[in-house]
Structure formats: C-alpha cells, structure tokens
1. With just the Cα atoms defining each centre, how far is the stretch 357-385 from the stretch 19-67? Give it in Å.
2. Calculated from DSSP H runs of 4 or more alone, at -39500 (n - 2.57) each and per residue, what is the 222 nm mean residue ellipticity of the chain, nearest 500?
3. How many Å² of accessible area per residue for the chain, probe 1.4 Å?
4. Using the C-alpha atoms of the stretch 7-137, what convex hull volume per residue, in cubic angstrom, is computed?
5. Relative to the compact-globule scaling 2.2 N^0.38 Å, provide the ratio for the alpha-carbon radius of gyration of the stretch 114-222.
6. May I ask for the Rg/Rh ratio of the stretch 293-414, computed from Cα atoms with Rh as the Kirkwood radius, given to two decimals?
7. Between ARG209 and ASP137, how high is the FRET efficiency from 1/(1 + (r/R0)^6) when r is the Cβ-Cβ distance and R₀ = 60 Å? Nearest 0.05.
8. Ignoring ligands, DNA and RNA, how do LYS334, LYS180 rank by accessible area with a 1.4 Å probe, largest first?
Amino acid sequence: MKKEVLVFGAGPAGMAAAVSASREGAHVTLVEKTDRVGRKLSMTGNGRGNLTNSVIDDAAYHTSSGRRPLSFPGVEGDDGLYAFFRSIGVMTRAEGNFVYPTSGQAASVTEALEHEIAVSGIALIKNAQLKSIMPRDDGTFRCMAGGTEYNAGAVVLATGGMSGPQTCRASGDAWYICEKLGLKVFPACPSLVPLITDDQTLPAKTGVRAWGNVRFFVLNEAGKSMIAEEFGEVQFTNRLLSGMPVLQASGSVARQAFGMTSVSAEIDLFPEFDETQWEEEFAAYLFAGRDRSVPDFLHGLINAELASAVAKRLGIENVSGVRSLDGRKRDELKRELKHFSVPILGTGSFERAQATAGGVSLDEVNDDFSCAGIPGLFLAGELLDADGRCGGYNLRWAFLSGIIAGHAAGRHVL
C-alpha cells in the first residue's frame, strides 16, 4: 500500500502526474470519472493543442492566493515541459509565441499519453468518481471512488475545475473534499469567458466587431477603480461582450468584481490617439464631414452597427446633418468614441468558459505541490487557484504542476 500512488483525474495534469510518479518507481493507479481520458485536452487550441507559450511572465496568470504561480520552482522554466513531451514522443513547433504539437492535432498528445500510461503499467480506472479521501494516522490514505475503496501511500488530486461541464463532466466536486480536509478554497468563477451586459443600445446582430483598448472598472463606496486593461478585437453578440481582450480579462474581472456594486467595460475605439491627438483628429474629421449625415459621418469611422448604437445613445440617430449638431453634442460624440462604456452584469456560464478562476489556494501547497498540512497529498492543475491567459498558459500550468507533483508523489512512497 505504501508504494502505491493514486492519481484522480485523467486530464493533462493527472496523466502527466501518473506518468511521472511511475517513472520514480511507484505503483500507480489513475482514476477518471468519465469514460475517456484527456477529453478537454483534445479540444484545446481549436483542436490543434496550444501546449504552451514561449513568453512567460507573472502577468500571464491570475490568482487570489498570496503565492504566485511562477513562484514554484520548475514552473517558470520550460526545460522540464519540453523534456516531458519528447519523452512521450511528442514533437513541438512554435508559431510566433504559441507552441503546438507538430502533428497539428491536440488528440495526438492525448494518444501519446494514453500509450505511455499503458506501457508504463499504470492501472487506469474509468467511470469512477472520487467521493472521499481519508488520511490515516500511519500516513497512508483511504479513498472511495465509484463505489470502490482504494488505498495508497500518496494521492495526487488533479480533478480540474468547473469549465466545460457538458463536454468533460467538470463539476469542481473535489473542492468540497479539499474543504473537508481543512484546505482553503476560493469561490469558483468562469474564466476566459464572454461577459454579460443588458445594454439595450448594443447591436442586435451577431458578429459585430471593433478594435480597441478595453478598460474594466468597478464602482463601489471607495470610488471608481480600474481592475483590468486589454487591447484587441471586441465582439458584440446578443447582449454579450466577447473577443480576445474580453476573454483575457474575464477571470480577473470575475475575481475582483465579486461583491462590487457596479462593473463596466470602457472601450477606446481610437486607441492610437491620446486625448490631445484625438481632439485634433476628431475636429479635422468633423470639418471634413460637415456636409454629411450623422450616419454617413459615423460609418466612415466605425462599424455601421456600432455607429447606430453610438447615435442612439446620444439621441442623434435622426439628425440629418453633422452641421446641425450643437457644440455639446459634438463634445459628447467625441467622448463616446474614446470612452464607449458598457455595463457588465456578470460572466457567461461555465459551459462557455475555457478555464476556471478560483480553487484551492496556492498557499496550501509547497514547492513540489504537496499539501502543506497533509503529507502525501498533492494537488495539480485547474483544481488550484491559478488561471492563465489564452495562448497555452493553462495547459502549461496543468502539465508542469502535474509533472512536478507526480515526481514528488513517486518519491514520497519509496
């Protein structure tokens, strides 16, 4: 029993942990609650498997913990990650900062891991959901999953978060188990997800896009404060804000806006100009378009659907000519194009989320991802309170935390 390592969750973190523990000489059992391993992994990067990113800095990850994800030895560097991929027969290729398997298929990584699990003699149990973990006085563990009792000298929890509940049966159920064990767990929020608005002026059409700089603000008793800022193409879709800048900020917004009275996104549709430059540019365009109708004038500046929203907000949708706008309305129009504000009611659902914000505090684990208060228990992947930006950061965290936890768990039982 003491040489046994139990790994719960056969996603990227769990499979990497199982393989790594086995390579230390431990007897490993990998337990998965669904009928397939690596289901979510096979869908990442639009099926291409964006495995990591060559540009790594602290801003790539969000957490509510006191400890930062890149403070773990072995997580900041890539050597261990690429060595692991090579060891399971997966070659990688960089496309800019993004790193993919050379096969161009995320499923090939899952297949390589499945093969490695099989040849390593790792016992794979499917359709068995973890129900409880009970540490014993002798340092071993009694676990119940799928109606069966399992015993081991070390346990790796890599059961994931709550993103993708329909495709992966993600439910965050292991957080309850962690809380029962006395671990601190932050509330879960969807991350890398569209944001919900009730703004009636926004385009009803789907797929309306606009480039801009997006700032997210909260308004509470202390006043207005910015909580995130991103640049890129914003998408307006049926009372949702989406697009890369919105997805990138969503986890941070969900965390920091929790309990706030008001949240808004403010889109600068002309970020290439500062306020002084915009004053001059707008005046020039206004003069050039003085004989045009308001819709025609705006269509030369921004998306036609978005132009209608701006005109509606300012009550100038029926104004025939730019000439007839008084000074106040012109100033309002000038400001609206640089400060297009959208109220945010919340995030989209976990069904639409690519990752989970929240989870077990990083302060609960040591450098090797062992639980500080429970020797022999290791945590890895999305179960922990660390969510990354789009671009391979979440898979990178899952693989590296799993690799490190697996090696440590294997050494623990020998």
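The values are calculated or read from the model by the stated rules, or taken from the named source; none is laboratory data. Just so it is clear, the structure is predicted and the values come from calculations on it, not from any experiment. Backbone-built Cβ (ideal geometry, glycine too); neighbour counts: all protein chains shown. The accessibility values were calculated without ligands, DNA or RNA, using every heavy atom of the protein model including side chains. Shrake-Rupley method; radii C 1.70, N 1.55, O 1.52, S 1.80 Å.
1. Going from one Cα centre to the other spans 14 Å.
2. Dividing the helical sum by the residues of the chain leaves -9000 deg cm²/dmol.
3. Ligands and nucleic acids excluded, the result is 42 Å² per residue.
4. Hull volume normalised by residue count: 151 Å³.
5. Rounded to two decimals, the normalised Rg is 1.66.
6. Dividing the radius of gyration by the Kirkwood radius yields 1.38.
7. With a Förster radius of 60 Å, E is 0.50.
8. Order by accessible area, largest first: LYS180, LYS334.
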